Amino acid sequence: MSYFEESQKLRREIENDRDICVKIKAFEKRGLELEFMASGGRNSHYRLGQLPSGLWIALRESVGYERGEFEELGLIGCALYETYCQEAERFHERGKRVPLSVGGYIKEIETPFLVVEDLGEGKNGVVFGTGCSNSRGYIERDGKREEVWFDLGKDDTLGMESITNKRIDGLFDIRSLKYFHPTARINL
């Protein structure tokens, strides 16, 4: 199954989980605190919980941007998260372990959101060790370490030019959206 097909499977599972949908909406409206997991230079992660399939998920929130920037940009406001999903797909196609992700949009407050797989599975399981960049780390399970990539578009060690900066400066329109297209995203 392709990364996009897995993303769509995750979308349907989230849409069918009323509790998770309520949590997402309440958090984005700033009416609910979620467990803080970790943050990077321009993002923070908050634990949402475990789905019936057993997959743990989290919200990835862009920080350092004023909410007004997204509102002024309208559709382009989804570009940051769309780019993350497309970068994850490219890494996945190269055989790299990346979090599964799916986009979403809350119409009443005109806010995009991104749900990502919680690679720590409800624990603080992502380990950063010697030789790791800011873009990758390791998961330790049963004494084995698995390399994971999660801050995509920053590390060029795969020899791929990042699409992040190319896509964000106004190049997105409804035709180029894949993960945030209204038929492919979670619509709350």
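The values are calculated or read from the model by the stated rules, or taken from the named source; none is laboratory data. Not measured: the values here are computed from a predicted model. All Cβ positions, even for glycine, are placed from backbone atoms using ideal geometry, and neighbour counts span all protein chains on display.
Identify the single condition in (1) over 12 Å from the mean Cα position of the chain (by Cα); (2) modelled with pLDDT of 80 or more; (3) not hydrophobic (A, V, I, L, M, F, W, C) that Glu69 does not satisfy, given that it satisfies every other one.
(2)
Tell me which residues, restricted to the range 107-138, are buried (at least 16 other Cβ atoms within 10 Å of the Cβ), modelled with pLDDT under 80 and assigned to a strand (DSSP E or B).
Residues of the range 107-138 that are buried (at least 16 other Cβ atoms within 10 Å of the Cβ), as a first pass: 111-120, 125-126, 135-138.
Next cut, modelled with pLDDT under 80 only: 125-126, 135-138.
Passing the criteria: Val126, Arg136, Gly137, Tyr138.
Before we move on, is Leu80 at pLDDT 90 or above and crowded, with 16+ Cβ neighbours inside 10 Å? Break it down into steps so the answer makes sense when it comes.
On the way: at pLDDT 90 or above: no; crowded, with 16+ Cβ neighbours inside 10 Å: yes.
In short, no.
Do you know which of the residues in the range 45-66 that are at pLDDT 70 or above and among the hydroxyl-bearing types (Ser, Thr, Tyr) is nearest to Val22 (Cα to Cα)?
Checking each candidate, the answer is Tyr46.
Does Ile14 satisfy being among the β-branched types (Val, Ile, Thr), over 22 Å from Asp151 (Cβ atoms), modelled with pLDDT of 95 or more and surrounded by 12 or more Cβ atoms within 10 Å (Cβ to Cβ)?
Working: among the β-branched types (Val, Ile, Thr): yes; over 22 Å from Asp151 (Cβ atoms): yes; modelled with pLDDT of 95 or more: yes; surrounded by 12 or more Cβ atoms within 10 Å (Cβ to Cβ): yes.
Answer is yes for this residue.
Could you run through the range 88-106 and say how many residues are under 17 Å from Gly137 (Cα atoms) and assigned to a helix (DSSP H, G or I)?
Counting residues in the range 88-106 that are under 17 Å from Gly137 (Cα atoms) and assigned to a helix (DSSP H, G or I) gives 3.
Looking at the range 18-50, which of the residues that are assigned to a loop (DSSP other than H, G, I, E, B), surrounded by fewer than 17 Cβ atoms within 10 Å (Cβ to Cβ) and not basic (Lys, Arg) is farthest from the chain's Cα centre (by Cα)?
Within the range 18-50, the match that is farthest from the chain's Cα centre (by Cα) is Gly31.
Would it be correct to say that Gly170 is in a loop (DSSP other than H, G, I, E, B), exposed (fewer than 12 other Cβ atoms within 10 Å of the Cβ) and modelled with pLDDT under 85? First the steps, then the outcome.
Details: in a loop (DSSP other than H, G, I, E, B): yes; exposed (fewer than 12 other Cβ atoms within 10 Å of the Cβ): yes; modelled with pLDDT under 85: yes.
Considered against the rule, which asks whether it is in a loop (DSSP other than H, G, I, E, B), exposed (fewer than 12 other Cβ atoms within 10 Å of the Cβ) and modelled with pLDDT under 85, Gly170 comes out as yes.
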